[in-house]
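Read through the structure below, which is laid out as structure tokens, and then see the notes.
The values are calculated or read from the model by the stated rules, or taken from the named source; none is laboratory data. Quantities reported herein were computed from a predicted structural model and do not represent experimental measurements. Here the Cβ positions follow ideal geometry from the backbone for every residue, glycine too, while neighbour counts run over all protein chains shown.
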Amino acid sequence: MNPILIAAVFGFLAVSLGAFGAHALKPYLDDYAKGIWQTAVFYHFIHALALLAVGIFAKVKPELKANFICFSFTAGILLFSGSLYLLALTDLKWLGMVTPLGGLAFLTGWGMLAWKSTRT
């Protein structure tokens with residue numbers, strides 16, 4: 001797993017989806033859906049940066065073994081932000097049940113990063 005490459009791809013997508021939501025989707029989303037989209041982009045971008053930091057940290061301290069942390073942040077982006085993107089576009093309320101799983105993945109990644117940082 002290459003966290004820096006994953007971070008670059010997710011960063012690219014976060015900027016692209018942010019611009020897409022602000023411009024192309026502007027006439028189609030109501031204020032509620034725009035807020036959902038913005039939340040998705042915000043968490044997406046923050047965790048792309050977190051992946052970048054983990055990737056850099058793992059290069060400096062290879063003993064970190066950051067694969068699980070990267071997996072957690074990646075799962076969080078896909079589940080949390082992905083479900084919010086879809087919710088904003090479709091208004092399928094059941095997607096709201098997926099979002100907390102992504103939040104749990106984010107928390108797991110941050111918790112593991114904290115734990116691993118004290119062990120290396």
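Below, the figures for the structure above:
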{"quantity": "Of the criteria (1) modelled with pLDDT of 95 or more; (2) assigned to a helix (DSSP H, G or I), which one Trp94 fails", "calculated": "(1)"}
{"quantity": "Segment 67-81 residues that are within 11 Å of Leu107 (Cα to Cα) and modelled with pLDDT of 95 or more, paired with ones that are surrounded by 24 or more Cβ atoms within 10 Å (Cβ to Cβ) and polar (S, T, N, Q) (beta carbon under 9 Å, 6 or more apart)", "calculated": "none"}
{"quantity": "Those residues of segment 15-48 which are among the polar types (S, T, N, Q) and under 10 Å from Ser81 (Cα atoms), in sequence order", "calculated": "Gln38, Thr39"}
{"quantity": "Segment 54-66 - residue that is of a type in the set (A, V, I, L, M) and part of a helix (DSSP H, G or I) and, of those, modelled with the lowest pLDDT", "calculated": "Leu64"}
{"quantity": "Ala8 vs. criteria touching a residue at least 60 places away in the same chain (Cβ under 8 Å) and not charged (D, E, K, R)", "calculated": "no"}
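Residue-by-condition table, conditions (1) assigned to a loop (DSSP other than H, G, I, E, B); (2) in contact (Cβ under 8 Å) with a residue 60 or more places away in the chain; (3) not hydroxyl-bearing (Ser, Thr, Tyr):
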{"position": "Phe20", "(1), (2), (3)": "no, no, yes"}
{"position": "Ala24", "(1), (2), (3)": "yes, no, yes"}
{"position": "Pro27", "(1), (2), (3)": "yes, no, yes"}
{"position": "Gly35", "(1), (2), (3)": "no, no, yes"}
{"position": "Ala40", "(1), (2), (3)": "no, no, yes"}
{"position": "Tyr43", "(1), (2), (3)": "no, yes, no"}
{"position": "Leu52", "(1), (2), (3)": "no, no, yes"}
